[in-house]
Amino acid sequence: MVSLSIRNIRKAFGTTEVLKGISIDVAPGEFLVLVGPSGCGKSTLLNLIAGLEKITSGEIFIGDHLVNQVSPKDRDIAMVFQSYALYPNMKVRKNISFGLETRKIPKSEIEKTVQKVANMLQIEDLLDRKPAQLSGGQRQRVAMGRALARSPSVFLFDEPLSNLDAKLRVEMRTEIKLLHQRIATTIVYVTHDQIEAMTLADRIAIMKDGIVQQLDTPRNVYENPVNLFVAGFIGSHSMNVVPVRVVKSGQSNCLLIKTGEKTFTIPVDKNPSLLNKWIDRELILGFRPEQISDGFPNQAENNQIHTLESKVEVIEPTGPDTLVFIRINDKKVACRVHPNAARHPGETMKLMLDLSSAIFFDSDTEEQIS
Amino acid sequence: MNDPMVHTAPKTAGVFAGRLFIYGLLILMVFYFLLPFIVMVLTSLKTMADIRTGNLISWPREFTLDAWKTAWGSACIAVECNGIKVYFWNSVKIVVPAVTISTLIGAANGYVFSKWKFWGSEVLFSLLLLGCFIPFQAILLPMAQTLGKLGLSQSLAGLILVHIIYGLAFTTLFFRNYYVTIPDELVKAARIDGAGFFRIFWKILLPVSTPIFVVCVIWQMTQIWNDFLFGVVFSAGGNQPITVALNNLVNTSTGTKAYNVDMAAAIIAATPTLLVYIVAGKYFVRGLTAGSVKG
């Protein structure tokens, strides 16, 4: 197991700077996911790690080796591509062994490795087929097999599941995770799909405009996003963000929440000093859809649950629960409720808002207030 | 979708007449386009007496291959009376190396211009493309000077060199456009797998290049075999290609004009390119459109 260290990487194409100083340390055996909207620079970063493109400035270490000047083949990495990039003229067997042959590994050993990899990925009966004769999922397996065969120190995945249909994608996701648990090799995985990022990663790096916005565990980026971008990007349905006014009422700081005709004044007990600076000013309240519902387990013990009444605008049943959309302070808000409790559009519904894990953002800087 | 009712029109007399008209017209057109060739073939099989007494499209009174034998082996071209066979082989000697070399270099160029772009490569490619648009006659004098300096004037090697250089613009364009349709990720994967510049070319790209090779070979072979201008300017005497020889044969007049020999020689001169197109033509169309439709 080998670590990967990215230090203040910059990359410019002509005058456009695509990466603006990225620093990430990946622990040995860690599964790091780079996620972000298209154009955020995540694939470029992966190509730089692979050595397929030249770094403008900064340093990349694989293990203890500075690899800035090392060619891709000598970096001890393997990469799985979105288009699979299988060699169309070669059989599956040859696709897997090609990298070993160029490295002049003895034939008998190559044969053994191919068998082992094929066995691990259950593609033994595909070994004598050409890529054109394989389905998308099978090609994906072969592409992974090709990467596995070399047993590299670092695996790089470039949106490997984007070309699969939804069902297969979920299956392969689980398999990749299982694979990682078995081989425990360091992985850097690029995706634009936040669910993939959440389910696979040990840590997620959320990127936007060539900058890492937040680098943290899936749970932390979900529960504690550092800014509005991360809050909106991670989670499905994304976090509700509502502009609210802070007022002083008696001893406590309260939020003015207007929904329908009524305005509720809701006290915030969490960390009282936090909002002191914001009295009589507006900030942005963020809470997840599951924090506004028809009821919570142990709700009696939680004194930060407040009741609201609001008119239902739209409902979206998802199966286990139903998303009910209401309007708070003129912003659409998603509430995750039990299907039985959901009212029809136009009706008024009683909802409970749990502010115990709500977070606040500065409406100008869009950063979390802490 | 496959309901036969949709496609089967009711069989009325009107429909039948319509079909008859369409096919009749098509057959007429085929005949019209083939007529010159039919006349050539028929004339080449006639005797001179037959030609003098009959008309252009009359059926031969007796079939004879004499004119073909004369054209191939004993017709007089300028002062030599050895037929066009020498010149036929000259053309073969020009076409084979010129096509092979220009195609291979074009493949390598196309590979570099599509997969190993470097600073200025786009500009260089555009400049190279200009070569497709330079008229033959514009380069005759400078090329003659160049060949003179290289000591290749009036030689087969010189003519081959001219054809290679002139063909490169086209072959490079063909291969570059074909390789652009092959995903870059393939090259990236191969680089990570440890393959270098040449290995990627040989092992990954060349094996999938058959369609464009066919296109390139047909194109280059047709161009070079049919070339007259370069042949007439850059070769002399026994080194001339068949197109020039054919012209000389027709223009060498001693007594009566042997139309049957002229026709036979013309067909011999045209046969190789016709054959190539008939044998590989379907790949030509396929290759030209390769990559344009997602497969």
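Looking for something crowded, with 16+ Cβ neighbours inside 10 Å, touching a Phe, Trp or Tyr at 6+ places or on another chain (Cβ under 8 Å), over 24 Å from A:Lys54 (Cα atoms) and not β-branched (Val, Ile, Thr) - is there at least one such residue anywhere in the stretch B:188-199? There is no residue in the stretch B:188-199 that is crowded, with 16+ Cβ neighbours inside 10 Å, touching a Phe, Trp or Tyr at 6+ places or on another chain (Cβ under 8 Å), over 24 Å from A:Lys54 (Cα atoms) and not β-branched (Val, Ile, Thr).
Of the residues making up the stretch B:236-280, those that are small (Gly, Ala, Ser), over 20 Å from the mean Cα position of the chain (by Cα) and closer than 23 Å to B:Ile160 by Cβ are B:Ala236, B:Gly237, B:Gly238. If you go through the stretch A:280-309, how many residues are assigned to a strand (DSSP E or B) and out of contact with any Lys or Arg (no Cβ under 7 Å at 6 or more places or on another chain)? So the count comes out to 9. Counting only residues that are among the polar types (S, T, N, Q) and in contact (Cβ under 8 Å) with a residue 24 or more places away in the chain, which one in the stretch B:256-285 is nearest to B:Ile224 (Cα to Cα)? Checking each candidate, the answer is B:Thr273.
Taking the stated definitions as given, is A:Ala12 within 30 Å of the chain's Cα centre (by Cα), in the same structural domain as A:Asp193 (by TED's automatic domain parsing) and surrounded by 15 or more Cβ atoms within 10 Å (Cβ to Cβ)? In short, no. Across the stretch B:178-199, what is the total count of residues that are assigned to a helix (DSSP H, G or I) and either touching a residue at least 24 places away in the same chain (Cβ under 8 Å) or in contact with a Lys or Arg (Cβ under 8 Å, 6 or more places away or on another chain) (or both)? Residues flagged as assigned to a helix (DSSP H, G or I) and either touching a residue at least 24 places away in the same chain (Cβ under 8 Å) or in contact with a Lys or Arg (Cβ under 8 Å, 6 or more places away or on another chain) (or both) within the stretch B:178-199 amount to 10. Residues in the stretch A:121-157 that are farther than 16 Å from A:Met90 by Cα and touching a Lys or Arg at 6+ places or on another chain (Cβ under 7 Å): A:Leu121 only.
Hey, any hits in the stretch B:20-30 for a residue that's at pLDDT 85 or above and farther than 30 Å from B:Leu274 by Cβ? So far as the stretch B:20-30 goes, yes, one or more of its residues are at pLDDT 85 or above and farther than 30 Å from B:Leu274 by Cβ. Applying a threshold of 7 Å to beta carbon distances and a minimum spacing of six or more residues, or different chains, the list of pairs starting in the stretch A:73-87 at a residue that is at the interface with another protein chain (Cβ under 7 Å from one of its Cβ atoms) and ending at one that is aromatic (Phe, Trp, Tyr) reads A:Ala78/A:Phe155; A:Tyr87/A:Phe98. Whether a residue is part of a helix (DSSP H, G or I), surrounded by fewer than 17 Cβ atoms within 10 Å (Cβ to Cβ) and not charged (D, E, K, R) was assessed, and B:Val261 does not pass this test.
On the basis of being β-branched (Val, Ile, Thr), more than 24 Å from B:Pro183 (Cβ to Cβ) and not in a loop (DSSP other than H, G, I, E, B), does A:Ile49 make the cut? No; evaluated as a whole, the condition is false for this residue.
Considered as a group, the residues in the stretch B:52-84 that are of a type in the set (Lys, Arg) and part of a helix (DSSP H, G or I) include one that is surrounded by the most Cβ atoms within 10 Å (Cβ to Cβ), and that residue is B:Lys69.
Kindly establish whether B:Phe88 is more than 14 Å from chain A (Cβ to nearest Cβ) and buried (at least 19 other Cβ atoms within 10 Å of the Cβ). Yes. Within the stretch B:133-147, residues that are within 15 Å of B:Gly158 (Cβ to Cβ) reach partners that are of a type outside the set (Ser, Thr, Tyr) and not in a helix (DSSP H, G or I) with beta carbons closer than 9 Å, at six or more positions or on different chains, in the pairs B:Thr146/B:Leu152; B:Leu147/B:Gln154. For A:Leu121, the conditions (1) within 14 Å of another protein chain (Cβ to nearest Cβ); (2) closer than 23 Å to A:Ile187 by Cβ are fulfilled apart from (1).
The single condition among (1) surrounded by fewer than 17 Cβ atoms within 10 Å (Cβ to Cβ); (2) in a helix (DSSP H, G or I); (3) in the same structural domain as B:Arg176 (by TED's automatic domain parsing); (4) not aromatic (Phe, Trp, Tyr) that B:Cys132 does not satisfy is (2). Of all residues in the stretch B:200-209 being touching a residue at least 60 places away in the same chain (Cβ under 8 Å) and not small (Gly, Ala, Ser), which is surrounded by the fewest Cβ atoms within 10 Å (Cβ to Cβ)? Only one residue tops the list, namely B:Leu206. Just one of the numbered conditions (1) surrounded by fewer than 13 Cβ atoms within 10 Å (Cβ to Cβ); (2) more than 25 Å from the chain's Cα centre (by Cα); (3) not assigned by TED's automatic domain parsing to the domain that holds B:Cys216 is not true of B:Pro36: (2).
Is at least one residue of the stretch B:50-63 outside the structural domain of B:Ile164 (by TED's automatic domain parsing) and in contact (Cβ under 8 Å) with a residue 40 or more places away in the chain? Looking through the stretch B:50-63, at least one residue is outside the structural domain of B:Ile164 (by TED's automatic domain parsing) and in contact (Cβ under 8 Å) with a residue 40 or more places away in the chain. Would you mind finding the one in A:Leu275, A:Leu215, A:Leu308 that is within 30 Å of A:Thr16 (Cα to Cα) and either crowded, with 19+ Cβ neighbours inside 10 Å or without any contact (Cβ under 8 Å) to a residue 60 or more places away in the chain (or both)? Just one listed residue meets the conditions, A:Leu215. Scanning the stretch A:308-348 for residues that are aliphatic (A, V, I, L, M) and over 12 Å from A:Ile292 (Cα atoms) yields a total of 5. Farther than 25 Å from B:Thr181 by Cα and either at pLDDT below 90 or among the aromatic types (Phe, Trp, Tyr) (or both): is that true of B:Ser292 in this structure? Judged against the criteria, B:Ser292 is not a match. Here B:Phe234 meets each of (1) among the aromatic types (Phe, Trp, Tyr); (2) away from chain A (no Cβ under 14 Å); (3) more than 26 Å from B:Cys132 (Cβ to Cβ) with one exception, condition (3). Between A:Leu126, A:Leu161, A:Leu168, A:Leu200, which is surrounded by fewer than 18 Cβ atoms within 10 Å (Cβ to Cβ) and away from every other protein chain (no Cβ under 14 Å)? Going through A:Leu126, A:Leu161, A:Leu168, A:Leu200 in turn, the sole match is A:Leu168.
When the stretch A:129-138 is limited to residues that are over 24 Å from the mean Cα position of the chain (by Cα) and in a helix (DSSP H, G or I), the one that is farthest from the other protein chains (Cβ to nearest Cβ) turns out to be A:Gln138.
Among the residues of the stretch B:215-224, are any away from chain A (no Cβ under 14 Å) and among the aromatic types (Phe, Trp, Tyr)?
Within the stretch B:215-224 (the criterion being away from chain A (no Cβ under 14 Å) and among the aromatic types (Phe, Trp, Tyr)), the answer is yes, since at least one residue qualifies.
Filtering the stretch A:237-286 to residues that are more than 16 Å from A:Asp362 (Cα to Cα), modelled with pLDDT of 90 or more and among the acidic types (Asp, Glu) leaves nothing. Scanning the stretch A:339-361 for residues that are in contact with a Phe, Trp or Tyr (Cβ under 9 Å, 6 or more places away or on another chain), buried (at least 16 other Cβ atoms within 10 Å of the Cβ) and not in a strand (DSSP E or B) yields A:Leu355, A:Ala358.
The values are calculated or read from the model by the stated rules, or taken from the named source; none is laboratory data. Only a predicted model underlies this, so the values are computations on that prediction, with no experimental measurement involved. Counting neighbours? That spans all protein chains shown, and the Cβs are built from the backbone with ideal geometry, glycine included.
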